[in-house]
Structure formats: C-alpha cells, structure tokens
1. Can you find even one residue in the stretch 190-207 that is under 30 Å from residue 19 (Cβ atoms), charged (D, E, K, R) and under 17 Å from the mean Cα position of the chain (by Cα)?
2. Which residues, taken from the stretch 49-97, are open to solvent by 20 Å² or more (accessible area, probe 1.4 Å) and not in a helix (DSSP H, G or I)?
3. Which condition number in (1) open to solvent by less than 40 Å² (accessible area, probe 1.4 Å); (2) assigned to a loop (DSSP other than H, G, I, E, B); (3) touching a strand residue (DSSP E or B) at 6+ places or on another chain (Cβ under 6 Å); (4) of a type outside the set (Phe, Trp, Tyr) is the one that residue 258 fails?
4. If we keep just the residues of the stretch 124-182 that are over 26 Å from residue 224 (Cβ atoms), in contact with a Gly (Cβ under 7 Å, 6 or more places away or on another chain) and among the small types (Gly, Ala, Ser), which is surrounded by the most Cβ atoms within 10 Å (Cβ to Cβ)?
5. Among (1) part of a loop (DSSP other than H, G, I, E, B); (2) closer than 30 Å to residue 149 by Cα, where does residue 265 come up short?
Amino acid sequence: MQTHRLPSFRAALLHPRFWPAWLGLGVLWLLVTLLPWRAQMALGRALGRLAMKPLKSRVKVARRNLELALPELSDAERETLLKANFESVGCAVFETGMAWFWPHWRMRAITIMEGTEHVDAAVAKGQGMLLLSAHFLTLELNARQFGLYRPGVGVYRPNTNPVLEYAQVHGRCRSNKYLVDRLDIKGMLKALRAGDALWYAPDHDYGRHASVFVPFFAVDKAATITGTATLARVKKTVTLPCFTLREKNGYRLVIQAPLDNFPVGDDEADAITGNRVIEAAIRRAPEQYMWLHRRFKTQPERGMPSRY
C-alpha cells in the first residue's frame, strides 16, 4: 500500500488567531461525539432553517438553480424543496463532524453499503477505480464510508486556514489513504495506475477551461469539465458511480456498476454520459444536493446575460 505522511501538528497552529477555528472544531467534536444521530439531524435541520436569513444570497442562488434545473415543478414545490435543501445544509455540518471524528464502529452502524461487489470485481482484476461522484451535502460521509470498505484516494481543494486544513486532511484520511490536490492531475493518474480508488466530483461549474457545454437537467448548455473522461482513459481503469444518500435511519452508500463503453473518445458525448449519471443520482434525493453553488454561471457564448 502506498503511504503518504499526514501533516504534523505544529506549535504555530496554537497562535491566538487560530483559536476561533479550534473552538469551532471543539464544539463540533463535542456535539457529534455526545449526541445521538437523530438529535444531530434535528439540530441540523433547525440550523439550516435559521441559516436561510443570514445567507440570503445563497438562498437566491439555490432558488434560481432549482428554477433552471427543475422547471417542471410548481413554484410551491420548488419552495418546499428549497427549504428542505437548507435543512440538509444544516445536517451537513454535523455530517462533516461525523466523517472526521467518529470511530469506525459508529460509522458502520448507520451505513448500508450497496454495490460492493463492483469494487470486489475491480480489485480482482487489478483495476483502478474512478469513483464518479457529485457534490451532495453528504460528500464528507461518502469518502469516509467508501474507505471503510476499500481505502482510496480523495481529490480536494486545500483549505487556506492551516488549522482547518490540518483537521480536514486528518479527518478525510481516517479511513482512506491520502488526498490529492484537485489541480494535481499527475497525482490522480498515479493513483489510478496503482490500482487505487479515486474519488472525483466533476459536477461544478469550473469555467470554460477544459469544459464543454452539454445538457444538465433542463439547462441545454451547462459548462461541464472533461476531466472524467481524461481520467477514465487510464489503462485498466473502471468508472464506478458512487454516492451517499441520507435515509430515515442512516445512510446508504451506493456504488453502481461500471459505466459501459466509457469513455468513447468524444468529449461532448462523454460529458453527457457523466451528467446523466449524476442527474439520475440527484433526482433520488434532490434536497440533498449542493444547489448553493452557481452551477450554471458560465454561458456558452461570451457577452450573454447572466443566468443569475
């Protein structure tokens, strides 16, 4: 197994300017350690509802995303979904704490794993696994839960706050091998060539660079990065859709069968395939998706009016 050293604790992290971050982490650790899961979810839903007032700009973005993506719903249905989405945002705060701080036994107790046979098949064939995921609000749990079955490699954006970066890396590596910066393409390729599972979420709008404009929900031309197909081309790599969905009594880790005939070598066709897989997963629990992101901000032609 390839090993990567976790960041070491440094005395500089105790500087007074970092005390608020330590306090926040301490409170989160205390809450997720002492409270039962149902109590955490109840508090999370309440926190999410309260957050809608100070986060008015994010509410506006989420509402607009729902209008663009799901025009078939009535205004009342979208408002109900919007409120449920922010309740899920509040739950995500506690779920981050669970993912970072809970011991393995407690995480396993609320996790149902579906589709692990696809992982077993890939391992038996010596294949690398590109885990095609998305920015669900349960994303911290997704990597942690997959790692309980098969430790893998995460793709992430380093935090500018060194205390949060320290906690983030250690938390995300509780059941996984190491993390790769989202800009480190060579590191991602290396992980797949080594036969590792690589978690990858291509569903955000990253601008025009390395993107094509293809359908996503009801938006005909949504900027979609081509990185999924690029990584999937690595020799002996299979692409497994992988998501975590919150349910009544816990969470379901869903690992789907490898994508058939993917990639085909056409950037647009491959991006369409990826978007369809992600859209189908989101439709299973649309209130749990990160609608706060301006997913449709990049227009296919320069000078076009903003969708927001």
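1. Within the stretch 190-207, none of the residues are under 30 Å from residue 19 (Cβ atoms), charged (D, E, K, R) and under 17 Å from the mean Cα position of the chain (by Cα).
2. 52, 53, 54, 55, 71, 72, 73, 74
3. (1)
4. Only one residue tops the list, namely 175.
5. The failed condition is (2).
The values are calculated or read from the model by the stated rules, or taken from the named source; none is laboratory data. The structure displayed is predicted, hence computed values, not measured ones. Neighbour counts run over all protein chains shown; Cβ positions are idealised from the backbone, glycine included. Surface areas here come from the heavy atoms of the whole protein model, side chains and all, with no ligands, DNA or RNA. Shrake-Rupley method; radii C 1.70, N 1.55, O 1.52, S 1.80 Å.
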